[in-house]
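Right, one structure below, let's go through it.
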Amino acid sequence: MASVSSVEPTYLPSTVQGAVKILVTGPFGVGKTTLVGALSEIAPLRTEETMTAAGAGVDDLTGRPQKTTTTVALDFGRITLNQHLALYLFGTPGQQRFWPLWEDLSRGALGAIALVDSRRIEESFDILGLLEEHRIPFAVAVNVFPDTPAYPDEELRAALDLLPDVPILACDVRDQDAAHQLLVDFVDHLRAAAEELS
């Protein structure tokens, strides 16, 4: 069931005429919901459900003992960039059984921030493959958990089999300032890539 905060709604200014869409994607339990919440100027829309015994054989909670909910459709947030333009953030579900929703959410995306947990690199392969298959520009953002080992970018690039032009960024998605800097760095990358093509 969707949940929203009880704070007063923040409406878009009537002058806003355009919007851009960015995906926040990655495997199960990597911090997508947290990142959307840290970035959004509005109370984010979340479609989280309590995890039950029915998912015990499907959702691997190894290393995530405190995780009790999971996104079953999407997370949605918004940032008003200026008086004419808004940025919409769409967080995708991480489990394969929800990937039909991923296809719909990815349509029209300007790009994607692909969150990665470097303690579980192999869990990211399928999502990165989807981004490449759909030709969605993306950056890899390593979510820094308390026990995340530090790897050089070259090792991460090789382990994830990334092309040289895919940026690797690091961020503790719980930190609002760090989350905003991650978004700024990603948008800068998209702009630079677009300028190279023009």
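Label region 92-198 by shape, choosing from rounded, prolate and oblate, from the square roots a ≥ b ≥ c of the eigenvalues of the Cα gyration tensor; if a/c is under 1.5 it is rounded, and otherwise prolate applies when a/b is larger than b/c, oblate when it is not.
It comes out rounded by the Cα gyration axes.
Taking θ as phi - 60°, what are the ³J(HN,Hα) couplings along region 119-130 by the Karplus curve (6.51, -1.76, 1.60), each to the nearest whole Hz, with x for Gly and Pro?
After applying 6.51 cos²θ - 1.76 cosθ + 1.60, I find 7, 9, 3, 4, 6, 8, 4, 5, 5, 5, x, 4 Hz.
Which value, in debye to the nearest 20, describes the size of the charge dipole of region 89-198 about its Cα centre when Lys and Arg Cβ atoms bear +1, Asp and Glu Cβ atoms bear -1, and nothing else is charged?
About 340 debye.
With every protein chain kept in place and ligands, DNA and RNA left out, what is the accessible area per residue of region 126-198? Probe 1.4 Å, answer in Å².
Normalised by residue count, the accessible surface of region 126-198 is 61 Å².
Considering amide H positions built from the backbone, and no H for Pro or chain starts, which residues 5 or more places from V142, or on another chain, come under 5 Å of its amide H?
Amide H neighbours of V142: V116, L169, A170, C171.
Of all the accessible heavy-atom surface of region 132-198, with the other protein chains kept in place and a 1.4 Å probe, what percent is carbon and sulfur?
Details: 2280 of 4320 Å².
Result for region 132-198: 53 percent of the exposed heavy-atom area is carbon or sulfur.
Using 0.36 nm times the number of residues separating D185 and T15, minus their current alpha carbon distance, what extension gain do you get?
Extra length from D185 to T15 when fully extended: 58.6 nm.
Please list, in chain and number order, the residues 5+ apart from G91 or on another chain whose amide H is under 5 Å from its amide H, with Hs placed from the backbone.
Amide H neighbours of G91, under 5 Å, 5+ apart: V24, D75, F76, G77.
Amide H to amide H, which residues 5 or more places from A86 or on other chains are under 5 Å from it, using H placed in the peptide plane?
Sorted by chain and number, the residues that satisfy this are G18, A19, V20, L81.
The values are calculated or read from the model by the stated rules, or taken from the named source; none is laboratory data. Just so you know, these numbers come straight off a predicted model, no measurement behind them. Neighbour counts run over all protein chains shown; Cβ positions are idealised from the backbone, glycine included. Keep in mind that these areas ignore ligands, DNA and RNA; they rest on the heavy atoms of the full protein, side chains included. Shrake-Rupley method; radii C 1.70, N 1.55, O 1.52, S 1.80 Å.
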